[in-house]
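Input: a single structure, listed below in structure tokens.
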Amino acid sequence: MDFLVSFLAVAEKVGLLFIIIALGFLCQRTKLLTEEANKCMADIVMYFVTPCVIINAFSATLYPREELFGILKNIALVALIAVAVHAVMILAVTVIFRFREEGKKRLMRFAAVFSNAGFIALPLAQALIDTPESHEGALYAAVYLAVFNIALWTWGYADMSGESSGMNWKKIILNPGIIGVVIGLVFFTSPLYITLNGEAGLRLPSVPADAISALSALNLPLPMLMVGFYLGKADLVAAFKDGWSYLCIALRLLVFPLAALGVLYLCGVRGNVLLVSVIGACAPVGATATIFAAKFERDTELSVRLVSLSTILSLITMPLIVGLTFTLA
């Protein structure tokens with residue numbers, strides 16, 4: 001696909017997300033959206049919407065058996081790529097951010113590694129790849145997100161808390177995203193529901209299936225409103241004055257995704273697997289940086305600036321990188 005065509009296609013989808021982000025920004029500035037309401041939306045997305053997106057991706061389409069094993073192979077490949085990407089990023093930030101200021105160092109590490117994979121990458125993968133006949137975008141993005149959550153609640157939790165024993169294994173196992181993947185895989189692979197025409201997968205009854213589909217549709221507007229809310233609170237002038245912030249954001253938006261794209265391309269990875277992997281790697285700093293900063297008494301203001309500035313800059317970097325990936329895939 002021609003790069004310009006790819007760039008414009010991606011820019012159109014990213015532009016859609018940023019229109020909703022702008023609405024969230026306006027709602028924060030006009031006090032239509034409060035901190036409490038934003039936290040409630042975050043809980044709704046985390047505990048209900050994200051699992052529904054994942055379950056819907058796995059159960060909404062019945063794939064013929066000859067396609068099923070190919071998709072399962074891609075799911076395993078995405079999981080392996082996600083593990084490798086996060087391992088390399090963690091190693092890199094551990095080497096790069098070594099200055100004495102403990103709180104800032106840990107926050108910079110966390111922000112450079114953990115993208116907004118759930119709130120931006122997953123909706124973008126859906127928008128770019130999914131069709132009424134196939135949900136491969138959400139399918140692979142859900143697997144990437146599951147690995148992301150494991151890394152978040154192991155290394156991320158331990159490094160931000162400063163205690164290696166602080167890993168919250170209960171939250172790892174009972175994370176809504178991982179539960180959604182497990183339930184979805186049951187529907188997707190259950191050999192007890194192989195139909196006469198050779199399609200595999202368990203279909204939900206129409207009423208709960210429609211309810212899950214309707215909740216899944218909220219995965220685009222609600223997270224974008226939340227991102228806009230954080231942008232409305234940010235001191236962007238201060239963000240532009242901090243050199244370490246530029247380095248952290250450059251790693252998150254450019255270095256890590258371009259390195260992932262280059263290595264995966266050279267290894268022969270193509271198609272939707274390459275696209276979803278790069279989308280997950282090139283998303284801006286996740287709002288979890290602010291949540292964890294507040295929980296462990298790190299620099300909350302800095303975390304908000306990193307989230308906000310990286311989100312604004314990703315309006316330029318994501319279409320470029322994802323457009324390039326579209327061309328190569």
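Close contacts from the range 250-271, counting a first residue that is buried (at least 16 other Cβ atoms within 10 Å of the Cβ) and a second that is assigned to a loop (DSSP other than H, G, I, E, B) and not hydrophobic (A, V, I, L, M, F, W, C), with Cβ to Cβ under 8 Å and a gap of 6+ residues or different chains, come to 252/284; 253/284. In the range 21-48, of all residues being out of contact with any Lys or Arg (no Cβ under 9 Å at 6 or more places or on another chain) and surrounded by 19 or more Cβ atoms within 10 Å (Cβ to Cβ), the one that is nearest to residue 118 (Cα to Cα) corresponds to 45. Looking at the range 238-285, the helices (runs of 4 or more DSSP H) lying wholly inside it that each contain 3 or more residues that are within 20 Å of the chain's Cα centre (by Cα) and not hydrophobic (A, V, I, L, M, F, W, C) sit at 271-282. Say we look at the range 280-329 and pick out the residues that are under 14 Å from residue 227 (Cβ atoms) and modelled with pLDDT of 85 or more; which of these is surrounded by the fewest Cβ atoms within 10 Å (Cβ to Cβ)? Here the answer is 313.
Go through the residues of the range 87-99 one by one and say whether even a single one is at pLDDT below 75, crowded, with 19+ Cβ neighbours inside 10 Å and out of contact with any Phe, Trp or Tyr (no Cβ under 7 Å at 6 or more places or on another chain). Checking the range 87-99: not a single residue is at pLDDT below 75, crowded, with 19+ Cβ neighbours inside 10 Å and out of contact with any Phe, Trp or Tyr (no Cβ under 7 Å at 6 or more places or on another chain). Under the condition of being surrounded by fewer than 16 Cβ atoms within 10 Å (Cβ to Cβ) and modelled with pLDDT of 70 or more, the residues counted in the range 171-185 number 4. In the range 276-295, the residues that are aromatic (Phe, Trp, Tyr) form Cβ pairs under 6 Å with partners that are at pLDDT below 90, at six or more places apart or across chains, as follows: 292/160.
Condition check ((1) in contact (Cβ under 8 Å) with a residue 60 or more places away in the chain; (2) over 21 Å from residue 329 (Cβ atoms); (3) part of a helix (DSSP H, G or I)) across all residues:
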{"position": "87", "(1), (2), (3)": "no, yes, yes"}
{"position": "91", "(1), (2), (3)": "no, yes, yes"}
{"position": "109", "(1), (2), (3)": "no, yes, yes"}
{"position": "112", "(1), (2), (3)": "yes, yes, yes"}
{"position": "140", "(1), (2), (3)": "yes, no, yes"}
{"position": "152", "(1), (2), (3)": "yes, yes, yes"}
{"position": "155", "(1), (2), (3)": "yes, yes, yes"}
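Being on the phi > 0 side of the Ramachandran plot and modelled with pLDDT under 80 narrows it down to one of 201, 268, so name that one.
Just one listed residue meets the conditions, 201.
The values are calculated or read from the model by the stated rules, or taken from the named source; none is laboratory data. Note that the structure is a prediction, hence the values are computed from the model and not measured. We place every Cβ from the backbone using ideal geometry, glycine too, and count neighbours over all the protein chains shown.
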